Structures are given as structure tokens and as C-alpha cells.
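The values are calculated or read from the model by the stated rules, or taken from the named source; none is laboratory data. Note that the structure is a prediction, hence the values are computed from the model and not measured. Note that each Cβ is placed from the backbone with ideal geometry, even for glycine, and that neighbours are counted across all protein chains shown. In case anyone asks, the SASA skips ligands and DNA or RNA and just uses the protein heavy atoms, side chains included. Shrake-Rupley method; radii C 1.70, N 1.55, O 1.52, S 1.80 Å.
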Amino acid sequence: MKLLSAPKGWSQILMTPPTTPWSALRAALAAGGASTAQTLIEAGLRGRGGGGFLTGEKWRTTASSEADRRYAVANAYESDPAVFANRLLLEKNALGVVEGLAIAALSVGAREALIGIRAEYSDAIRALEAVIASAERDGILGASVLGSGRELLIRVVPLQGSSMIGEETVLLKALAGKRGQPEQTPPYPSTVGYLGKPTAVNNVATLAAVPWILAHGAAAFKQIGDPTEPGTVLVQVGGAVANAGVLEVPTGTPLAEIVAVAGGSAKGTAIKALLVGGSSGGFIPAQLLASTPYSGAGLAAVGAHIGSGALLALDGSVSIPELAAMLTRWCADEACGKTIPCRIGTRRLAEIGQRFVDGLAGPADGERLQALAADVADSALCAHERLTPSPLLTGMRYFKQEFYPTSVAQSSGAVAGRSK
Ligand SMILES: Cc1cc2nc3c(=O)[nH]c(=O)nc-3n(C[C@H](O)[C@H](O)[C@H](O)COP(=O)(O)O)c2cc1C
Ligand code: SF4
């Protein structure tokens, strides 16, 4: 999986190592944690891990939560299958991520920071460890950060397990060697996190943006992309495009433009939809690609979300019901089993999806799907359950004719579908 070259004019903040390494850390030390968090709030930096929370707010809450110890954690688990954007980022800009994490740690008052990373990301682990070791040798990190007298130890912790480890409360448990199941939030990790202490958890792409913001200023960052969710994001484009790979894209870029930069359709056949957001993402039909901006709000308006940053182009050879049912089954299999509505509800959703694939579904199944999806989303303990219905719901919304191929007999109340 390669980094695609971006068109002229697209800022490349995340994938480019800081030009003056550690100067942002020095500036953050001088400014103090409250001022650094305020700069990030003014810049409008939102988390790149899917939730889109304001990073500066998170750091402010962590710093102001009463405790004898605080932590900063980088989420480098990258849990969605076949997504590599964070791995590529770590291999290309480990320095920016470590500097961002060091700034996070000092800003929230932590003396220890951890990087929870997939154990199989061996090149990325080596790159991170090399940056940390060299910074400790040079007195940049360690017992006295840049001679300030403040201690900071950063540890890289390889992890293995289910996709749920990417969820922050599970990540924190995995780092502590505990069984990985999500916790009800609130309280958020910023008040009760690693080992029960206030913890700032950030995705690695979020952290990579921090040195750039401190070096260039909040106003410069706000000028990139959509001003309400500014900056750049990593998008992994795959499927039926000519050039699959990772792109660093200004927020708000129309989906059609992203597909065009990835070379358009591979075989010259029309792209009928994008699956945006990974395994629990939403299908967006071709006719909406030009008008849908790649941003949290833009995607939410059409039923999708940024999620893992994966964008899968689908041509006419792909059956939307089959793909939606397969993804729902995968999400049901990955559910940790802690809460019954998710454990049972996601499985029932997958079964309904399969009935459509097998041509056994009737009109009532469409209604059942909507009602169950609403129940599943409402009862969710964590976002895994809340997002699991997205492929089936958006598939049904935009590609109903594929779910009911025998020209919508549902209006007459008859059972629709292929006979087996
Ligand atoms: C099922 C599930 C999987 C997730 N996987 C990841 C992941 O692989 N990497 C990540 O950074 N965030 C992931 N998240 C989001 C994290 O819980 C959390 O919001 C994020 O790490 C916070 O960092 P940010 O504010 O910088 O985005 C996942 C969330 C859920 C519900
Ligand atoms: S909602 Fe699903 S994945 Fe989340 S904690 Fe409950 S069972 Fe686990």
C-alpha cells in the first residue's frame, strides 16, 4: 500500500516530518499546557480516530482532572481490517507522532506516555523506537525534557487481539494487561483512563498534526480544508480505482475529487458507489459523490462517517446486499459480547441481511431491519454497536432495487426476491 502523490495545493502536514524537529516541543514547554491546549482549540483540531472530538478540549479536561498521575496514550492500533493509513504514517513520520505525543504528555502533566500499536507493525515499531532512543540519548526526552527538569518516558507497547482494541477504553485495558471490553462512557478516559488515572488518548494522525500547528500557528491550520473541521486527514482509497493507496486530503474535499486523484475507475467501468468509513461505513451512491464533502458533517448528512478513513470504490460487479450482509456479519463476530442488545441484535441484523442476499426476504424484513437497526443503535454501549447497522441501512436507502430485485413487489405486500 503506497502513499499517493497529492495534487499541487494540497497541504501535506501529517505525512511530512517536522522541518525543525523538537522546536514545537520546546515552544509547548515554554507556553505551558493550558496555552498549548488553547492553541489547539483555536486551530479547531479534531481527533482523526473517528470520534472527531476537539483535541485541545480533551487535553484541558485531562490536565484539570484531580489525580496524582496522568498519562498520554497514542492510539496506533488501527483496528479496521485491511486499513494501513496509520501504519504508513508511522513509517513515514514517526518523529511527528512522537513529538506530538510528547507535547500531549507535557501539556496534560504526564510523566509517562504509551503508544499502543499492532504487534505486526514491525517497521513502524522500529521507527518509533529509533526516534525515542535517539531523543533520550540527546536529552530531548527522558529524565529532563530539553533540560526543563520535567521527566517524560515514552513506551511503545505492541498489542494483539480483536478489532475492539482500537476503541479507546479497550486500548487502555489492553495496555494494562486486562481483558479487552469497552467501558460505558462517561466517565471518559480524560478523567478515568489508564490505570484509572486521567489520560489523553489520541489517534496518531491527530498527534502528527500538533507540531505543525505549534510551528505555523492556529490561524494557518484553520485555513486548510473545511473551516469548521480544518486540516488534513488520511484517506485510504481502494477497490475499483486505478491507483489504490493512502492520500492526505484537505477536509471538505468532495468525494468525487478524491476518486479522481486516485485515478478514477480502474477498468473504465462506472463507479456505482463508495463505501466510506470502513467495515461499519456507509454506502454513498455515485450521484452524491460530487456534492458530498469528505468531512464529519458532510458524511453524516448522507448516512456515512469518517470511521477508519477507508474509502472503497465499488463498480457494477459488486452486490451491495452481499457486501452489506458480509460486513454486518463481521461486525457481529467482532462484537465483544459484553452487552446483550449488541450480542444478539447485531447477529439478528446479519441474518436479515443474509435473507436479502438469499432472495428470501419479504417487505416485512425491510421494516424489521429499520426497527432493529434503531434499537441496536439506541442501546449501544459503545460505537461499535451504534455503527454496525450503517452498511445495511445505507445500502437499503440508496440501493433498494438490489435488495428487492424483482421490481418492488413489496408495495403489493407480496414476498419479493429471487426464488431459490
Ligand atoms: C470499535 C472501535 C474501533 C476503533 N478503532 C480505532 C483505531 O483503530 N484507532 C483510533 O485511533 N481510534 C479508534 N477508535 C476511536 C477511539 O475509541 C478514540 O475515539 C480515538 O482513539 C481518540 O483519538 P482522537 O481523539 O485523536 O481521534 C475506535 C472506536 C471504536 C468504537
Ligand atoms: S456494544 Fe457490542 S462491542 Fe460494544 S461493549 Fe457492548 S457487546 Fe461489546
How many percent of DSSP beta bridges within the chain run antiparallel, rounded to 5?
45
Sequence-distant aspartates and glutamates (8 or more away, or on other chains) whose Cα lies within less than 16 Å of LYS400:
GLU322, ASP358, ASP365, GLU367
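At 222 nm, what helix-only mean residue ellipticity would the chain give, in deg cm²/dmol to the nearest 500, using -39500 (n - 2.57) for each DSSP H run of four or more? Can you show the working numbers first?
Details: 16 runs with 175 residues, N = 420.
Helix contribution divided over all residues of the chain: -12500 deg cm²/dmol.
If you take the C-alpha gyration tensor of the chain, multiply each eigenvalue by 5 and take the square root, what semi-axes do you get, largest first, in whole Å? Don't jump to the answer; show the numbers that get you there.
Details: eigenvalues 318, 113, 59 Å².
Result for the chain: semi-axes of 40, 24, 17 Å.
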Let me cross-check MET396: its accessible surface, 1.4 Å probe, with only protein heavy atoms counted, in Å² to the nearest 10?
10
Are there GluC sites (Glu not before Pro) in the stretch 41-104 that DSSP marks as loop and that have at most 16 other Cβ atoms within 10 Å, and which are they?
GLU66
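Could you work out the relative contact order of the chain, using alpha carbon pairs under 8 angstrom and six or more residues apart, expressed as a whole percent? Don't skip to the answer; put the middle values down first.
Numbers: 887 pairs, mean separation 68.0, N = 420.
Averaging sequence separation for qualifying contacts and normalising by length gives 16 percent for the chain.
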Candidates per trypsin sites (Lys or Arg not before Pro) in the stretch 98-199, loop by DSSP, up to 12 other Cβ within 10 Å:
LYS178, ARG179
Hey, how many Å between the Cα centroid of the stretch 325-351 and the Cα centroid of the stretch 190-248?
29
Give me the distance between the Cα centres of the stretch 272-292 and the stretch 370-394, rounded to whole Å.
18
Given the options THR228, THR199, THR185, which has the most mean-square fluctuation in a GNM of the chain, springs set between C-alpha atoms less than 10 angstrom apart?
THR185
Those lysines that a straight Cα-Cα span of less than 23 Å connects to LYS92, excepting residues fewer than 8 apart in one chain:
LYS2, LYS8
Please work out, to two decimal places, the log10 of the ratio I(q)/I(0) at q = 0.09, 0.17, 0.18, 0.19 Å⁻¹ from a Debye calculation in which every Cα of the stretch 23-222 carries one identical scatterer.
-0.28, -1.12, -1.27, -1.43
Can you list residues whose amide H is under 5 Å from GLY51's amide H, if they're 5+ apart or on another chain and H is modeled 1.01 Å from N?
none
Per-residue HN-Hα couplings for the stretch 280-294 [Karplus 6.51, -1.76, 1.60; θ = phi - 60°; Hz; x = Gly/Pro]
10, x, x, 7, 10, x, 3, 5, 9, 5, 6, 9, 9, x, 7
Taking a cut-off of 17 Å between Cα atoms, list the lysines near LYS197, but don't count ones fewer than 8 places away on the same chain.
LYS58, LYS173, LYS178
